[in-house]
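Worksheet: one structure, shown below.
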Amino acid sequence: MRGLQLPLNQTQRIRLQRALEKLHSLSSKANSDASVTVADTIPVNYDDAFLKGHGTTDLNGELVATVCGVVERVNKLVYVRALRAKYKPEVGDIVVGRVVEVAQKRWRLEINFSQDAVLMLSSMNMPDGIQRRRTALDELNMRSIFEENDVVCAEVRNFHHDGSLQLQARSQKYGKLEKGQLLVVDPFLVKKSKQHFHYLEQFGIDLILGRNGFIWVGEHVEARDGMIVDQANNSEQSTVEKDQAYTPLEMRQNICRIANAVRVLSTLGFNVDADLIIETAELSSSLNIDIHDMLGSEFHVLVAEREAERRSLMTKRKR
């Protein structure tokens, strides 16, 4: 409640507080040892040797947390993963970023990390779709692929010695993102999963959940196996692209509805996943709530109450 910046009346405040307290009690029962706040004791077996990691300290013979977060254990190492921390990349993460600089044989992307990420020209598919060595002509034409402020989806490839990050985009699912909205949420709200690319068929929308907290909501684009274009058809293709640049009103409304669902979940501090986003968007449609009214206080309260009820039913079924 303290962190929510919503203009609530007294009734809404009471309803929201009850829903959040119910969610907190359900979460505490499920993760009694996992979630800790500052000065909480972390249960460990003192008979076995263990290593104190980040977010922990020894106080009066007990291991206590120095930050709010989740207790993680890796072999003998015990540490606390802070919730509201900067994005910490891992190799293989799917990220969404914005191009901030076109440099020599590389693009620099802002990905909500302490340093800009680097996407090398050699680490992505060329527009002609042919696997070949990059030439000086390719380097001159880099701005025709990505330019400043373009939104790009890529994968974390590795780390350099200086701590900077290198990306790769060698698949057709990666690349430039157009006709949509880029949303920014806290990175800890996007959990790592097997699938970060989602096609919401009922809305005709592509949803990309970047592990760095950048989320893309845009018009669905069919994946293409090849991108070979004949030089003779370039002018014809550009004419077709201009005709396809228009996004229908219904599609724009669907993009805004899904985007507002993400914003509501982020404000409430709920995990942002495809199922919960769809449920939130469908709830607004079933209640005939306008897109702009989704950001109002009443809908936030309804989503919190619905989520508390859903988790309560899930807990009862497990019993």
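The values are calculated or read from the model by the stated rules, or taken from the named source; none is laboratory data. Nothing here was measured: the structure is a model prediction, and the numbers come from that model. Here Cβ is always computed from backbone atoms with ideal geometry, including for glycine, and neighbour counts include all displayed protein chains. Just the protein is used for accessible areas: all its heavy atoms, side chains included, with ligands, DNA and RNA removed. Shrake-Rupley method; radii C 1.70, N 1.55, O 1.52, S 1.80 Å.
Inspect the range 10-29 for any residue being loosely packed, with under 12 Cβ neighbours inside 10 Å and part of a loop (DSSP other than H, G, I, E, B) and give the result as yes or no.
The answer is no, given that none of the residues of the range 10-29 is loosely packed, with under 12 Cβ neighbours inside 10 Å and part of a loop (DSSP other than H, G, I, E, B).
Conditions tested, residue by residue: (1) crowded, with 18+ Cβ neighbours inside 10 Å; (2) farther than 25 Å from residue 263 by Cβ.
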position: 95; (1), (2): yes, no
position: 100; (1), (2): no, no
position: 106; (1), (2): yes, yes
position: 155; (1), (2): yes, yes
position: 176; (1), (2): no, no
position: 180; (1), (2): yes, no
position: 184; (1), (2): no, no
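Out of all the residues in the range 157-174, which are over 22 Å from residue 133 (Cβ atoms) and open to solvent by less than 50 Å² (accessible area, probe 1.4 Å)?
Narrowing the range 157-174 to residues over 22 Å from residue 133 (Cβ atoms): 159-165, 173.
Hits for the range 157-174 are 163, 164, 165.
Can you name the condition, by its number, that residue 114 falls short on among (1) under 20 Å from residue 213 (Cβ atoms); (2) open to solvent by less than 70 Å² (accessible area, probe 1.4 Å); (3) not acidic (Asp, Glu)?
Looking at each condition in turn, residue 114 falls short on (2).
Could you please let me know if residue 38 is outside the structural domain of residue 191 (by TED's automatic domain parsing), surrounded by 13 or more Cβ atoms within 10 Å (Cβ to Cβ) and modelled with pLDDT of 80 or more?
Considered against the rule, which asks whether it is outside the structural domain of residue 191 (by TED's automatic domain parsing), surrounded by 13 or more Cβ atoms within 10 Å (Cβ to Cβ) and modelled with pLDDT of 80 or more, residue 38 comes out as no.
Open to solvent by less than 80 Å² (accessible area, probe 1.4 Å) and at pLDDT 85 or above, is that true of residue 189?
Values: open to solvent by less than 80 Å² (accessible area, probe 1.4 Å): yes; at pLDDT 85 or above: yes.
Yes: the conditions hold for residue 189.
Could you check the range 254-281 and list, in sequence order, the residues that are acidic (Asp, Glu) and either touching a Phe, Trp or Tyr at 6+ places or on another chain (Cβ under 8 Å) or within 22 Å of residue 179 (Cα to Cα) (or both)?
Once the filter is applied, which keeps residues that are acidic (Asp, Glu) and either touching a Phe, Trp or Tyr at 6+ places or on another chain (Cβ under 8 Å) or within 22 Å of residue 179 (Cα to Cα) (or both), the range 254-281 yields only 273.
Which is at pLDDT below 85 and assigned to a strand (DSSP E or B), of 95, 44, 70, 64?
When all the criteria are applied, what remains is 70.
For the range 197-218, enumerate the residues that are touching a Lys or Arg at 6+ places or on another chain (Cβ under 7 Å) and buried (at least 18 other Cβ atoms within 10 Å of the Cβ).
Correct list: 211, 218.
Go through (1) without any contact (Cβ under 8 Å) to a residue 24 or more places away in the chain; (2) over 20 Å from residue 191 (Cβ atoms); (3) not charged (D, E, K, R) one by one and return the number of the condition residue 74 breaks.
Failed condition: (2).
When you go through 228, 255 one by one, which is the residue that is outside the structural domain of residue 97 (by TED's automatic domain parsing) and modelled with pLDDT of 95 or more?
255
Identify, from the list 312, 297, the residue that is farther than 20 Å from residue 189 by Cβ, surrounded by 13 or more Cβ atoms within 10 Å (Cβ to Cβ) and in contact with a Leu (Cβ under 6 Å, 6 or more places away or on another chain).
297
Pick out the one residue from 83, 59 that is surrounded by fewer than 17 Cβ atoms within 10 Å (Cβ to Cβ) and under 19 Å from residue 192 (Cβ atoms).
So the residue among 83, 59 that is surrounded by fewer than 17 Cβ atoms within 10 Å (Cβ to Cβ) and under 19 Å from residue 192 (Cβ atoms) is 83.
Yes/no per residue for (1) in a strand (DSSP E or B); (2) within 22 Å of the chain's Cα centre (by Cα):
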residue	(1), (2)
119	yes, yes
132	no, no
138	no, no
158	yes, yes
162	no, no
166	yes, yes
176	yes, yes
183	yes, yes
188	no, yes
